[in-house]
Amino acid sequence: MTSSCYRTDMDVRIAPNRAGRTIRQAMVLAAGLGERMRPLTDDRPKPMIPVIGRPMIDRILDHLDDAGILKVVVNTHYLADVLEQHLAARRRPDIVISREETRLETGGGILNALGHFGDQPFFVVNGDTLWLDGPIPVLDRLERTWCDDHMDALLMVHGTVRAHGYDGLGDFMVAPDGQLSRRGERAVVPHVFTGIQLLHPRLFRDVPEGAFSMNRLYDRAIGNGRLFGMIHDGEWLHVGTPADLEQAEAFMDALA
């Protein structure tokens with residue numbers, strides 16, 4: 001990756017200029033079953049679980065709205081009617097529903113909605129992701145770090161040992177130029193994927209329809225030298241179980 005394209009944290013730590021934003025479309029992945037969050041997901045999709053009184057998906061949509069995103073595609077499957085009725089009450093951003101009759105997983109869900117994004121990059125956020133921005137909002141940093149000539153995907157990663165509620169082994173190594181590589185078997189690596197990313201539709205080129213994980217495309221992008229990472233400089237909270245939710249609420253309540 002050439003230095004004329006790659007931007008360091010120093011380059012992107014400038015005042016946000018959302019009036020000049022070029023990427024104004026996003027997708028929120030909200031079709032999962034939320035099995036590890038039961039019984040909280042017995043009557044609602046996981047993204048609708050409240051954190052200090054506000055559903056996680058509304059916190060995400062607030063971030064996207066604040067960042068100047070105009071259109072957000074939300075995929076639905078489990079208890080789709082419940083989620084779609086909730087989203088219908090929002091006025092901003094403009095929400096498009098991509099309902100899945102069968103589970104398509106992360107990659108298949110995005111591929112199924114790809115026609116909404118044309119041939120331009122778009123943000124993707126997992127519907128159960130909670131984060132606090134650093135000095136510069138995450139979406140601004142992602143857009144300014146993006147280099148179309150060299151990237152098919154730009155993932156926001158977070159320090160493994162600094163992630164709230166996360167006790168896993170991490171996901172990626174980040175090279176000095178931002179390229180990502182996988183951790184080896186049984187290894188511990190410094191960075192975990194946060195569920196926030198910027199993708200280009202070409203990442204899905206020649207991929208057949210159906211259910212598949214995004215990991216399949218990340219591995220292909222790694223092989224092509226086109227998967228990059230941006231290290232988050234704020235807070236990220238992993239919410240996988242009811243116990244994680246309690247920890248997340250306690251952390252956020254302490255900041256209020």
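The values are calculated or read from the model by the stated rules, or taken from the named source; none is laboratory data. Please read these numbers as outputs of a predicted model, since none were measured by experiment. Positions of Cβ are generated from backbone atoms using ideal geometry, with glycine treated the same way; all protein chains shown enter the neighbour counts. Ligands, DNA and RNA are excluded from the accessible area calculation, which covers all protein heavy atoms including side chains. Shrake-Rupley method; radii C 1.70, N 1.55, O 1.52, S 1.80 Å.
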Would you pick out the residues in segment 33-62 that are assigned to a helix (DSSP H, G or I), modelled with pLDDT of 95 or more and not aliphatic (A, V, I, L, M)? LYS46, PRO47, ASP58, ARG59, ASP62
Could you run through segment 195-215 and say how many residues are crowded, with 23+ Cβ neighbours inside 10 Å and free of Cβ contacts under 8 Å to residues at least 60 places away in the same chain? 1
Out of curiosity, is ASP233 part of a loop (DSSP other than H, G, I, E, B) and charged (D, E, K, R)? yes
Kindly indicate which of ARG183, ARG202 is under 19 Å from the mean Cα position of the chain (by Cα), basic (Lys, Arg) and more than 27 Å from MET56 (Cα to Cα). ARG202
Which ones in segment 66-97 are of a type outside the set (Val, Ile, Thr), surrounded by fewer than 17 Cβ atoms within 10 Å (Cβ to Cβ) and either farther than 21 Å from LEU33 by Cβ or in contact (Cβ under 8 Å) with a residue 40 or more places away in the chain (or both)? ASP66, LEU70, LYS71, ALA88, ALA89, ARG90, ARG91, ARG92, ASP94
I need the full set of residues from segment 126-136 which are among the charged types (D, E, K, R) and open to solvent by 50 Å² or more (accessible area, probe 1.4 Å), in order please. ASP133
Over segment 215-256, the set of residues among the polar types (S, T, N, Q) and closer than 15 Å to THR194 by Cα is ASN215
If you go through VAL96, VAL125, the only one that is in contact with a strand residue (DSSP E or B) (Cβ under 6 Å, 6 or more places away or on another chain), within 17 Å of ALA248 (Cβ to Cβ) and outside any helix (DSSP H, G or I) is VAL125
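Take ARG216 and decide whether it is modelled with pLDDT of 95 or more and touching a His at 6+ places or on another chain (Cβ under 8 Å).
no
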For segment 165-185, give me the residue count where each residue is touching an Asp or Glu at 6+ places or on another chain (Cβ under 9 Å) and farther than 28 Å from GLU246 by Cβ. 3
